[in-house]
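See structure below.
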Amino acid sequence: MKACVDIGGTKVAVSLVRDASGSDRPAPMAVRVAEPTVKTGAVDALARQVLALIDAACAQVGCARADITATGVSSCGPFVLVDGRIEVANPNICGGLAGAPRDIGNEWTRIPLEEPLVQALGTVRIANDAVAALVAERRWGALRGSENCAYVTWSTGVGAGLCVDGHVLRGKNGNAGHAGHSFVVDGDAAALCGCGNRGDVESMIAGGSLEGRIGTDAERLMTAATQGDVRAVRTVQQLCEVMGRMLYNLIATLDLQRISLGGSVFLHHAGLLLPQLEREVQRHFPALTQGVELCVAGLADKVGDYAALALVDKD
Ligand SMILES: [Zn+2]
């Protein structure tokens, strides 16, 4: 049995898969359990939540922790390495990061992840969620056969997984692709991100920032725009300008051919957002953007679960 753990700023999900085969289709999930991400208590609360969810999943299919041969963890980042082990310093989970604009309920600056999971489970492979999703999309989804591509998530946070010349980019701490914390606006319009930046992509358009910044959540805003509410339409257009700018910057920097988009904010309203993002990208420097394809994640709302599976699929 393999365990797939998907850690996001809003929820944590655990699925179990019986002996994944490394075939051209992901093995079906035997069971899946999910809960809101724990953000209070001791600093190892999230690691303990993951283990409790694994035990709950095991109980549902009648197996034990000892039956799990490998665990893949797709987690929101950034990661910090402490004594060679991954800890998580995510602005939507850790309330103690510099400049955090909202009260998350804790003063954490980073939380242990790899050490407690390895102690309890043995073989554990952890990757940034967008990087892991990129690997899954290249193996089973919309990026099959693409050597120069990205997976971009627009969810509670915003991030990217990047592949150039067939190589998945990871970086010194596994944080390559944190374009959500790259700057896109300045001046009065700039909002404060949980990371301490003012005017980065997450501060402007992430699902976790919208309520505080514009007084409504992504779901209500997008629904109103779909129904033709003029103010909502204009606001969504502004969000797409910011995301379009980020996508263009990735394309210009890495010479990408194809970008697969996922995440709850995007997936729930892909029909509204995708054409606007395509327009935003295509109106910039044609020598770099001509022929670049944007598409909906082929694994859709399963991308997080399969992202974790992709990390241990061949174990
Ligand atoms: Zn930020």
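Every number in this text was worked out from the coordinates using simple rules, so none of it is lab data. Worth saying up front: this structure is predicted, and the values here are computed from it rather than measured. Note that each Cβ is placed from the backbone with ideal geometry, even for glycine, and that neighbours are counted across all protein chains shown.
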Original post:
Helix 303-312 versus the longest principal axis of the chain: what is the Cα-based angle in degrees, 0 to 90, to the nearest 10?
Top reply: 50 degrees
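Could you give the size of the charge dipole of segment 126-268 about its Cα centre, using +1 on the Cβ of each K and R and -1 on the Cβ of each D and E, expressed in debye and rounded to the nearest 20? Please report the intermediate quantities before stating the final value.
On the way: 12 positive and 14 negative charges, 48 e Å.
That gives segment 126-268 a dipole magnitude of about 240 debye.
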**OP:** Please state the charge dipole magnitude for the chain, taken about the Cα centre, from unit charges on C-beta atoms (+1 on K and R, -1 on D and E), reported in debye and rounded to the nearest 20.
**Re:** 260 debye
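DSSP beta bridges in segment 142-297, what fraction antiparallel, as a percent rounded to 5?
55 percent
Multiply the residue gap between LYS11 and THR109 by 0.36 nm, knock off their C-alpha separation, and tell me the result in nm, one decimal place. Can you show the working numbers first?
Working: separation 98, 0.36 × 98 = 35.28 nm, distance 1.89 nm.
Stretched fully, the LYS11-THR109 segment lengthens by 33.4 nm.
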**OP:** Pop a pseudo-label 7 angstrom from the Cα along the beta-carbon direction at both THR69 and ASN173 and give the gap in nm to one decimal.
**Re:** 3.4 nm
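Once fully extended, how much extra length lies between ALA56 and ASP255, figured as 0.36 nm per residue of separation less the alpha-carbon to alpha-carbon distance?
So the extension gain works out to 67.2 nm.
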**OP:** Show the residues, 5+ positions off or on another chain, whose built amide H is closer than 5 Å to the amide H of ILE86.
**Re:** GLU114, GLU115
**OP:** Mind jotting down the distance between the C-alpha centroids of segment 255-315 and segment 64-100, whole Å?
**Re:** 24 Å
Original post:
For HIS284 and ARG125, what is the calculated FRET efficiency with R₀ set at 41 Å and r taken between the beta-carbons, to the nearest 0.05?
Top reply: 0.65
Original post:
What is the helix-to-structure angle for 230-254, meaning the angle in degrees between its Cα long axis and the longest Cα principal axis of the chain, kept from 0 to 90 and rounded to the nearest 10?
Top reply: 70 degrees
Original post:
Along the charge dipole of the chain, Cβ charges K/R +1 and D/E -1, which of LEU169, GLN119, TYR151 sits furthest on the positive end?
Top reply: TYR151
Subject >> Antiparallel bridge percentage (DSSP; both residues within the chain; nearest 5) >> reply: 60 percent
Original post:
Helix-derived [θ] at 222 nm for the chain: sum -39500 (n - 2.57) over DSSP H runs of at least 4, divide by residue count, nearest 500?
Top reply: -11000 deg cm²/dmol
